[in-house]
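Any read-out appearing in this document is the output of simple, stated calculations on the displayed coordinates, not a laboratory observation. Keep in mind the model is a prediction, meaning the values are calculated, not measured. Cβ sites come from the backbone with ideal geometry, for glycine too, and all protein chains shown count toward neighbours.
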Ligand SMILES: [Zn+2]
């Protein structure tokens, strides 16, 4: 058991006795961590969540690690007063927490989260959710109908995946995406196509409806943060 340092984002704090907390963090080096934080709520040692920073801790063989300190990265203070970003981070980390296990580091995901800013949040949030589903091995195929595996006319997106026009007529399915939004989803697998896309408010709502519905289907429980995201989006 040695003292470790890793970049991390603390994404959940649950009060534990007086001023202590049990926290969940996503660290660059170790992936998901569960930490015991003494004095998490005091004025002096208060812990800020949803802020990238440097975590100093001791990783224990049991799943509860010992926290020493967390130093927020001042470059990300812009997140604090930005509801657009903070609410989307709530959704991203609710899905992260459901999909990722302990000892499942994902540096690419960490880098993606750090790329979020006030100019790209509509475009990067759906991509990050896709990325997490894909990396945990549960994302539906983007170029084959869920029902018949056809690769033609794939425009009907539901919370169970993407369907061709024949199957969506046979099964009377309603798509939560129009053609432009379905196209955005189909571009997730091709970073050069995705890079050139623009995602507007309407498209973000449709794509997030599809992806969060699918994540709920995979996790077998509703996502608490999605309603708040749609309220302010
Ligand atoms: Zn089909």
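Laid out as a table, the results:
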quantity	calculated
Degrees separating the helix 201-219 axis from the principal Cα axis of the chain, which is the longest one	70
Cα-based helix-to-principal-axis angle, 83-99 vs the chain, degrees rounded to 10	90
Approximate shape of segment 149-228 as ellipsoid semi-axes (Cα gyration tensor, √5λ), whole Å, largest first	19, 19, 11
Binned Cα-Cα distances of the chain, short to long, each 5 Å bin given as a whole percent	1, 6, 14, 17, 18, 15, 11, 7, 5, 3, 2, 1, 0
Top of 220, 71, 141 by mean-square fluctuation, Gaussian network on the chain, Cα under 10 Å	220
Extension gain, residue 231 back to residue 103 (0.36 nm per residue minus Cα-Cα distance, nm)	42.7 nm
Label-to-label distance, nm, for residues given as residue 150 and residue 179 (7 Å Cα→Cβ offset)	1.7
Separation between Cα centres of segment 24-65 and segment 70-140, rounded to whole Å	17
Helix-only CD estimate at 222 nm, as mean residue ellipticity for the chain, using -39500 (n - 2.57) per DSSP H run (n ≥ 4)	-11500 deg cm²/dmol
0 to 90° range, to nearest 10: angle between helix 121-135 axis and the chain longest Cα axis	90
Mean separation of Cα contacts under 8 Å, 6 or more apart, over the residue count of segment 82-232: relative contact order %	26
Residue exposure sequence - 164, 187, 148 - by fewest surrounding Cβ within 10 Å	148, 187, 164
